[in-house]
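Input: one structure, supplied below.
Rule-based calculations on the coordinates, nothing more; no lab input. What you are looking at is a predicted structure, and each value in this text was computed from that prediction instead of being measured. Positions of Cβ are generated from backbone atoms using ideal geometry, with glycine treated the same way; all protein chains shown enter the neighbour counts.
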């Protein structure tokens, strides 16, 4: 038993020793500068929700994406939302507010749902652009919202979802 234990310890010491010797032989110093220089790099500025809503670069131009999206696809995307929201006319609120007729409605305006203070104070109308920005990253668009969803990164999915939400209302917004 002692011979086995000594053999294992010796093997470990031998491996570690060889590793240290190899590191010292093949040591490569890191260069001061990156080998690949990228010219004309700009960084994005931090924006507030009101600035972000006016900048199309933040959320993209949603109207252009409507041409390649459909409400049928949006219905499939809405399945991600259905755990917390209903979209039927008399669906009522769940964990999140009912989304029937959301587009064109003022944010935080349903009387039978308790919104976060941030959403109530946000108070803008839900337009296509506002909804697109919010769905991209809700916590960034309305700082302090209690909606915990991380957001939809795929712009085409967002466009399809917005088209689907626009169909689920008594007064759909005109698509320009």
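Taking neighbour Cβ counts within 10 Å as the exposure measure, how do 120, 6 sort from fewest upward?
Listing 120, 6 from fewest to most nearby Cβ atoms yields 6, 120.
If you stretched the chain out fully between residue 153 and residue 12, how much longer would it get, using 0.36 nm times the residue separation minus the C-alpha to C-alpha distance?
Once the chain is fully extended between residue 153 and residue 12, it gains 46.0 nm.
Moving on. For region 123-176, compute Rg over Rh where Rg is the Cα radius of gyration and Rh is the Kirkwood radius from the inverse mean 1/r over Cα pairs.
Value, to two decimals: 0.97.
Per 0.36 nm of contour for each residue apart, how much would the distance between residue 83 and residue 33 grow if the chain were fully extended, relative to their Cα-Cα spacing?
Stretched fully, the residue 83-residue 33 segment lengthens by 13.0 nm.
For region 83-176, evaluate the Debye formula with one uniform point scatterer on each Cα (no solvent term) and list log10 I(q)/I(0) at q = 0.15, 0.20 Å⁻¹, rounded to two decimals.
The Cα Debye sum returns log10 ratios of -0.54, -1.04.
Go through 15-21, 84-90 and give me the packing order, highest mean Cβ count within 10 Å leading.
The peptides rank, most packed first, as 84-90, 15-21.
Multiplying the sequence separation of residue 19 and residue 113 by 0.36 nm and subtracting their Cα-Cα distance, what value in nm do you get?
Fully extending the segment from residue 19 to residue 113 adds 27.5 nm.
A further question follows. Taking the mean number of other Cβ atoms within 10 Å as a proxy for protection, how do you rank 162-171, 127-136 from highest to lowest?
127-136, 162-171
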